[in-house]
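K.L.:
Structure below; questions to follow.
The values are calculated or read from the model by the stated rules, or taken from the named source; none is laboratory data. Predicted model, so just to flag it, every value in this text is computed and none were measured. Here the Cβ positions follow ideal geometry from the backbone for every residue, glycine too, while neighbour counts run over all protein chains shown.
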Protein chains: 2
Amino acid sequence: MNIKNFLNPESVAIIGASNDRKKLGWQILNNLISGGFNGKIYPINLNDAQILGKKAYKSIELIKKKIDLAIIIIPAVHVADEVEKSAKIGIKNYIIISAGFGEIGDVGKKRENEIINLSNKYKLNILGPNCLGLINSNNNFNATFAKSKIKKGNIAFISQSGAIASAALDWSQDKSIGFSNFVSLGNEAILNQNDFFEYFIDDKDSKLIIAYLEKIEDGQKFMNNVSRLSKNKLVAILKGGKTIEGGQASLSHTGSLAGSAIAVKTGFKRAGVIELENLEEMFNLMILYQKNIILNNNNIFIISNAGGVLVNTTDLISSKKLNLGTLSDNTVKSLKDKLPFISNIYNPLDIIGDADAERYKIAIEIFLKDKKVTNLLILLTPQSSTEIDKTAEVISNLSNKYKNKNIFTIFIGGESLNKANKILQFNETPNFSYPEQLINVLEKIISRNFKPREYKYKKIEKISNKKNEVLDYLESFKLISKYKIPIIDTFKIEKEEDFNKFKYPIVIKKVGKQINHKIDSNAIFLDVKNREEGIKIFNDYIVNKNNSYLVAQPKINNDLELILGFKRDDSFGPIIMAGFGGTYTEIFNDICTEVDDINEERALNLLKDLKIFPILNGVRSKSIYDIKKITNILVKIGKIARENKNIQELDINPLIINENEIIAVDIRIII
Amino acid sequence: MNIKNFLNPESVAIIGASNDRKKLGWQILNNLISGGFNGKIYPINLNDAQILGKKAYKSIELIKKKIDLAIIIIPAVHVADEVEKSAKIGIKNYIIISAGFGEIGDVGKKRENEIINLSNKYKLNILGPNCLGLINSNNNFNATFAKSKIKKGNIAFISQSGAIASAALDWSQDKSIGFSNFVSLGNEAILNQNDFFEYFIDDKDSKLIIAYLEKIEDGQKFMNNVSRLSKNKLVAILKGGKTIEGGQASLSHTGSLAGSAIAVKTGFKRAGVIELENLEEMFNLMILYQKNIILNNNNIFIISNAGGVLVNTTDLISSKKLNLGTLSDNTVKSLKDKLPFISNIYNPLDIIGDADAERYKIAIEIFLKDKKVTNLLILLTPQSSTEIDKTAEVISNLSNKYKNKNIFTIFIGGESLNKANKILQFNETPNFSYPEQLINVLEKIISRNFKPREYKYKKIEKISNKKNEVLDYLESFKLISKYKIPIIDTFKIEKEEDFNKFKYPIVIKKVGKQINHKIDSNAIFLDVKNREEGIKIFNDYIVNKNNSYLVAQPKINNDLELILGFKRDDSFGPIIMAGFGGTYTEIFNDICTEVDDINEERALNLLKDLKIFPILNGVRSKSIYDIKKITNILVKIGKIARENKNIQELDINPLIINENEIIAVDIRIII
């Protein structure tokens, strides 16, 4: 859906405008006017002839001018009528602020459906209902009830939660963080997250896209839009409802299910999304990106008047995928010349507790002249000779002079920092209260899946004939064997005489539709040494068959067991996975995942993400296994997933790896 | 060392007092006076006859009165002279603020040694040098240069870093956090962390002890003091220099080595210490403990006007060792009666975005009347009908009414919260900016090693004859065998004929002083099937002996491999460890540790902390191994460590576990 027109109206009607300053109808109108919106504004209400200096109308039909967008802030029961009236006179775009729809249960859902029907009938773009409005800084369009002026900036913010949107808005005004766009999605009856992600692809003002989402509407569309979006921009999402309990809480307040956590995680990775852990990270990322930061290496340089904080920050950097950069020899020499009383000149640099603003200035400038220094972190705690405000000014000046360098500050303390914090904020220097706030988000950015390939959208067909049944064991092997996945010889045992033909030792398994965890149900005999042992098992078994049968497999040498497979997600499609198999699968949970368009390269990357990869690759001088064969099997699993829409879930566990073979030894397919 | 007198002087001299408000000598004197210190105060300086209304003296010798403590703030070069003069007239206690000692290198170290010699000669208690002073609220003794009055409180704070101490002091004044004691340790020339830990054991005003430490002076004394201290109080420590790089940074600014990270971690656990991850956690724990919180269960109850934040907080709680409590039926009924418009009444409770102060009041009071609710978390984001300040007042009033309940708040936003934050702060309600700030510290407290047994101090003898050599292989087996640790039959192969006596298959290992990682150096043959294979290996080997010899062991069935052993630390003593062994040791790093006073119970707890414990204990219906045998071996390893002071390091890897035996198959001892 193209929402460019929606976001750039030239004339706006406010249905439910008010002269009462306490009402949203006043606040939104006031923000529209004071935000500097250049288009026409038509307030509509039943009581007043004029609102905030604008002529007001009793009804939308009385305006008789072209209206691009209507903002609706009236009780829920009247909303559908107003939409229909407006649609009939040709208004195509709507922001419905009013609550009382899907989020309150059945009555509200009925109201929401009326709106959806109107939208389909008249081809309307509708944001909401139950939202806080939106801001598009590009045309000074502020249709929210933010309490003061919103700065223009790099950041596009979208949120499914009104509460988080309002907290972010309030916080951003305090921190002087600017937005290109700010969108409260509300119930997403018509316009949803994906429409905005698509719009931001070409929106030159938006460099960082931050989203709070509890539900991903359409995983395929999401991956398609966001993989294109994150090619040139940073996309960071906080997903609410990741745990069962959180999902339950989300369900109860949005009326929508959170979706499979692992599918969402995989889809985020595929689309190049930075997955945020929590609200604090979300806010800290906005602090970092208030200027358009370009991070092209992971080398951090530090100057500090606080030894202890320096030690902590160094600990933190060393435990992350960041690095302490090395100063050029010239830089070290200059520092030694200018700061002879400091005994240890290296990065990180402790300029000692009695450093004044001048000493900060000398050190910072020498660092910044060094080509290797692109990311400079300046630490300060207020000590007896610290010139806090003056140091903040020194930093601001130097950061204006060296515009191509990234300068971050961490000033730790209380009230004595207030003025300095304002100075740094005014200069848009990313300034944090604790080292971990910066380091955590820096690492997230640097270690993200950079510039993903575009994900091709495929409509997911809802499978109507889900049986939730285990496919027959031998059938399952036959199926993967058709795709040339190597499988172990597996014989169905039907009579005592069958035990004559095996070469011992063998493994005997009892298989059937109910048997999921074979070790649980005494359904596996790992070391059957001879015919007699086999026959004993067979005779015990026939007493208690329960719709199952026995199979025999040769016992093979087992260096390492993997689990490979996929699980189909209704929104994201098949999620391919590989991990440490056998008994250890659940203990170490060393499993990585990918989406269905897996290829050899991505399969290898997936394996490389496993903790056990060094073993696959040959720990110490131990022999190296045929990794290419494993990646090949993963690609084939992707193919099986695409070509067999009836398969819900497939697990090969274990795939046994030894020096001579890589072979599927057990399998479970659910259709 | 008993420092009660040191901390409670009745008369104080300030050597280096000043009339210049910019100088520390003025600031400290001013704080002493304005802090309400009741004792005598004698300023000493060369220029002025009176300072801050007090008669000043030109020299300490002119005072001619009993002086309990001298504070010294003069250039480093003069400090030793002043200490000697003062010692001669009988002053026993000193706070040396002056810098320019051990921390600046050799010149300073010499000065510091003079101080240490004087201390030994005259039996002096000295805090510092190079410190920021101390506060003992109990006698209104504030000998720091804090900028405003320090509140009395529950928290004892000690820091090896002056920078972190000054940041904490500044921050605490902003947040109105009170201290019982506040100690900047400086270089710890005489008094150190352990003296203060010991003092806090009986100090009734200190309920939470917070420390920032880079170096643990004496691990044995530390464990003894802190294990006693943490029986009745909470001890939380942030350790700086945990990584190699951080240790390096610490070394360069304190001149002291950080010590073995794993030993510190183990000692902290043994002593019941909460190990803090970072500065932010340290500060957040102080916010939580400004009132004396008693946490006796992990059930959290939540009321929120912000659905999205509720979802996030629930995700967070579910991923930690915390639990969402269940409301009593009566509570649910009352809530349904009073808040009929809320469709989902359960914990966590979403009272919806339009909640005003009255709705908060109703919900909170019903929750607090429920006996099951002891930990109540109240979330708020500023939305259009939120009564922020009034809600803060409601919370403050109810928290005064229900004093035996723990009430925490998280108000998320910006400037609109300023007044509410002050209201909550005034009432000492622990109030945080983000859910993760509270939840992280709550979990740390609840999952700490509660009420440790007292650790018995043993003086660690420095080993002078460290050889750093590998003990002979067969000798090593013999040694552990003396302690009745089961070992595998191991034969030294000396001639071809030896191969006649083995029962194949066997394992052949090449052993010697240089061979650490046997798999690395092609020194292990895991499956020698017959005599001929063995002889071939023997013949290849004799060409290239290199001070080594061959041994043969029977090949045994291997369900699981453990690594058990110990490593001796110069400060904490032997650190016993157990973990997932064999190839996977380094991959999963699933290793847990204990100190040398390990017993059966603690050994079992150690095993239970391993990720692989479920396998040891029998995953699914798989047979259970003899865990008692393993704990027994761990206790014996403790004994070996105590009785063989020459052993630096001992690794049994693997200890092979199968259904029939638990047996040491490989060993390495370093002497």
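K.L.:
Looking only at residues that are facing chain A (nearest Cβ under 8 Å) and at pLDDT below 95 in region B:133-159, which one is surrounded by the fewest Cβ atoms within 10 Å (Cβ to Cβ)? Talk me through it step by step, then tell me what you get.
P.N.:
Just the residues of region B:133-159 that are facing chain A (nearest Cβ under 8 Å), to begin with: B:145, B:147, B:159.
With the extra rule that they be at pLDDT below 95, the set shrinks to B:145, B:147.
Values: B:PHE145: 22, B:LYS147: 17.
Ranking the candidates gives B:LYS147 first.
K.L.:
Being on the phi > 0 side of the Ramachandran plot, of a type outside the set (Asp, Glu) and within 14 Å of chain A (Cβ to nearest Cβ) is the requirement here; does B:ILE342 meet it? Spell out the reasoning first.
P.N.:
Values: on the phi > 0 side of the Ramachandran plot: no; of a type outside the set (Asp, Glu): yes; within 14 Å of chain A (Cβ to nearest Cβ): yes.
Answer is no for this residue.
K.L.:
Out of A:PHE426, A:PHE411, I need the residue that is within 14 Å of chain B (Cβ to nearest Cβ), aromatic (Phe, Trp, Tyr) and more than 25 Å from A:ASN232 (Cα to Cα). Which one?
P.N.:
On inspection, the qualifying residue turns out to be A:PHE411.
K.L.:
Oh, and also: Tell me yes or no: at least one residue of region B:345-352 is more than 33 Å from the chain's Cα centre (by Cα), within 14 Å of chain A (Cβ to nearest Cβ), aromatic (Phe, Trp, Tyr) and under 27 Å from A:LEU24 (Cα atoms). Give the derivation first.
P.N.:
Filtering region B:345-352 down to residues more than 33 Å from the chain's Cα centre (by Cα) leaves B:345-347, B:349-352.
In the following step, the residues that additionally are within 14 Å of chain A (Cβ to nearest Cβ) were identified as B:345-347, B:349-352.
Filter once more, keeping what is aromatic (Phe, Trp, Tyr): B:346.
Narrowing the set further to residues that are under 27 Å from A:LEU24 (Cα atoms) leaves none.
The answer is no, given that none of the residues of region B:345-352 is more than 33 Å from the chain's Cα centre (by Cα), within 14 Å of chain A (Cβ to nearest Cβ), aromatic (Phe, Trp, Tyr) and under 27 Å from A:LEU24 (Cα atoms).
K.L.:
To continue, here is another question. Would you mind stating whether B:ASN117 is more than 28 Å from B:GLY241 (Cα to Cα), touching a residue at least 40 places away in the same chain (Cβ under 8 Å) and either within 14 Å of another protein chain (Cβ to nearest Cβ) or not basic (Lys, Arg) (or both)?
P.N.:
Answer is no for this residue.
K.L.:
In region A:160-176, how many residues are surrounded by fewer than 24 Cβ atoms within 10 Å (Cβ to Cβ) and more than 8 Å from every other protein chain (Cβ to nearest Cβ)?
P.N.:
Result for region A:160-176: 1.
K.L.:
Sticking with this structure for a sec: Against the definition (at pLDDT below 90, outside any helix (DSSP H, G or I) and basic (Lys, Arg)), how does B:LYS545 come out, yes or no?
P.N.:
Yes, satisfied.
To keep it simple, each residue is scored yes or no on (1) part of a loop (DSSP other than H, G, I, E, B); (2) in contact with a Ser or Thr (Cβ under 9 Å, 6 or more places away or on another chain); (3) more than 14 Å from chain B (Cβ to nearest Cβ).
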| position | (1), (2), (3) |
| --- | --- |
| A:PRO574 | no, no, yes |
| A:MET577 | no, yes, yes |
| A:GLY618 | yes, no, no |
| A:ILE630 | no, no, yes |
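K.L.:
Go through (1) within 14 Å of chain A (Cβ to nearest Cβ); (2) touching a residue at least 60 places away in the same chain (Cβ under 8 Å); (3) assigned to a loop (DSSP other than H, G, I, E, B) one by one and return the number of the condition B:LYS242 breaks.
P.N.:
Every condition holds for B:LYS242 apart from (2).
K.L.:
So which residues in region B:318-339 are facing chain A (nearest Cβ under 8 Å) and modelled with pLDDT of 95 or more, if there are any at all?
P.N.:
B:LEU324 - this is the single residue of region B:318-339 that is facing chain A (nearest Cβ under 8 Å) and modelled with pLDDT of 95 or more.
K.L.:
Here's another thing I want to ask about it. If you go through region A:548-572, how many residues are assigned to a loop (DSSP other than H, G, I, E, B) and either of a type in the set (A, V, I, L, M) or at pLDDT 90 or above (or both)?
P.N.:
The total comes to 3.
K.L.:
Being within 13 Å of another protein chain (Cβ to nearest Cβ) and of a type in the set (Val, Ile, Thr) is the filter here, so list the residues in region B:216-239 that pass it. Walk me through how you get there before you give the answer.
P.N.:
Residues of region B:216-239 within 13 Å of another protein chain (Cβ to nearest Cβ): B:237-239.
Across region B:216-239, the qualifying residue is only B:ILE237.
K.L.:
Further question: Search region B:441-468 for residues that are at pLDDT 75 or above and pair each with any residue that is among the small types (Gly, Ala, Ser) and not in a loop (DSSP other than H, G, I, E, B) when their beta-carbon atoms are under 6 Å apart and the residues are at least 6 apart or on different chains.
P.N.:
Qualifying pairs under 6 Å: B:PRO452/B:SER227; B:GLU454/B:SER227; B:TYR455/B:SER227; B:ILE460/B:GLY573.
K.L.:
A follow-up question, please. Are any of the residues in region A:50-61 under 39 Å from the mean Cα position of the chain (by Cα) and at pLDDT 95 or above?
P.N.:
First pass over region A:50-61, keeping only residues under 39 Å from the mean Cα position of the chain (by Cα): none.
No, the conditions are met nowhere in region A:50-61.
K.L.:
Right, next: Condition first: of a type in the set (Val, Ile, Thr) and surrounded by fewer than 21 Cβ atoms within 10 Å (Cβ to Cβ). Now tell me which residues in region A:592-614 satisfy that.
P.N.:
none
K.L.:
Would you pick out the residues in region A:191-215 that are within 14 Å of chain B (Cβ to nearest Cβ) and of a type in the set (A, V, I, L, M, F, W, C)?
P.N.:
A:ILE210, A:ALA211, A:LEU213
K.L.:
Separate question: Restricting to region A:590-632, count the residues that are closer than 28 Å to B:ASP590 by Cβ and in contact (Cβ under 8 Å) with a residue 60 or more places away in the chain.
P.N.:
4
K.L.:
Which of the numbered conditions does A:ASN468 fail, given that it passes all the others? Conditions: (1) closer than 16 Å to B:ALA167 by Cα; (2) surrounded by fewer than 18 Cβ atoms within 10 Å (Cβ to Cβ).
P.N.:
Of (1) closer than 16 Å to B:ALA167 by Cα; (2) surrounded by fewer than 18 Cβ atoms within 10 Å (Cβ to Cβ), only one is false for A:ASN468: (1).
K.L.:
While we're looking at this one, here's another question. Across region A:353-377, which residue is nearest to the other protein chains (Cβ to nearest Cβ) among those that are surrounded by fewer than 19 Cβ atoms within 10 Å (Cβ to Cβ) and under 20 Å from A:ASN404 (Cβ atoms)?
P.N.:
This residue is A:LYS372.
K.L.:
B:ASP356 passes all but one of (1) within 41 Å of the chain's Cα centre (by Cα); (2) closer than 26 Å to A:ASN130 by Cα; which number fails?
P.N.:
Going through (1) within 41 Å of the chain's Cα centre (by Cα); (2) closer than 26 Å to A:ASN130 by Cα one by one, B:ASP356 breaks only (1).
K.L.:
With the requirement that a residue be among the β-branched types (Val, Ile, Thr) and either within 13 Å of A:ILE300 (Cα to Cα) or in contact with a helix residue (DSSP H, G or I) (Cβ under 7 Å, 6 or more places away or on another chain) (or both), what does region A:324-372 give you?
P.N.:
Across region A:324-372, the qualifying residues are A:THR326, A:THR331, A:ILE345, A:ILE351, A:ILE362, A:ILE364, A:ILE366.
K.L.:
Here is a follow-up. Can you find even one residue in region A:411-422 that is assigned to a helix (DSSP H, G or I) and of a type in the set (Lys, Arg)?
P.N.:
yes
K.L.:
Another question, if that's okay. What's the total number of residues in region A:404-435 that are more than 29 Å from B:PHE145 (Cβ to Cβ), at pLDDT below 95 and not aromatic (Phe, Trp, Tyr)?
P.N.:
Step one: filter region A:404-435 for residues more than 29 Å from B:PHE145 (Cβ to Cβ), giving A:404-407, A:426-428, A:430.
Checking which are at pLDDT below 95 leaves us with A:404, A:426-428.
Add one more test, that the residue is not aromatic (Phe, Trp, Tyr), and what stays is A:404, A:427-428.
Residues meeting the conditions: 3.
K.L.:
Let me ask you something else. Testing B:LEU380 on (1) out of contact with any strand residue (DSSP E or B) (no Cβ under 7 Å at 6 or more places or on another chain); (2) crowded, with 22+ Cβ neighbours inside 10 Å, one condition comes back false. Which one is that?
P.N.:
For B:LEU380, the exception is condition (1).
K.L.:
Of the numbered conditions (1) of a type in the set (A, V, I, L, M); (2) within 14 Å of chain A (Cβ to nearest Cβ); (3) in contact (Cβ under 8 Å) with a residue 12 or more places away in the chain, B:ILE587 fails exactly one; give the number of that condition.
P.N.:
Condition not satisfied by B:ILE587: (3).
K.L.:
Please name all residue pairs, on different chains or six or more residues apart, with Cβ atoms under 6 Å, provided the first residue is in region A:265-292 and is more than 10 Å from every other protein chain (Cβ to nearest Cβ) and surrounded by fewer than 24 Cβ atoms within 10 Å (Cβ to Cβ) and the second residue is assigned to a loop (DSSP other than H, G, I, E, B) and among the acidic types (Asp, Glu).
P.N.:
Short answer, once both residue conditions are applied: A:GLN290/A:GLU428; A:LYS291/A:GLU428.
K.L.:
Return only the number of the condition from (1) crowded, with 16+ Cβ neighbours inside 10 Å; (2) assigned to a helix (DSSP H, G or I); (3) modelled with pLDDT of 95 or more that A:LYS110 does not satisfy.
P.N.:
Single failed check for A:LYS110: (1).
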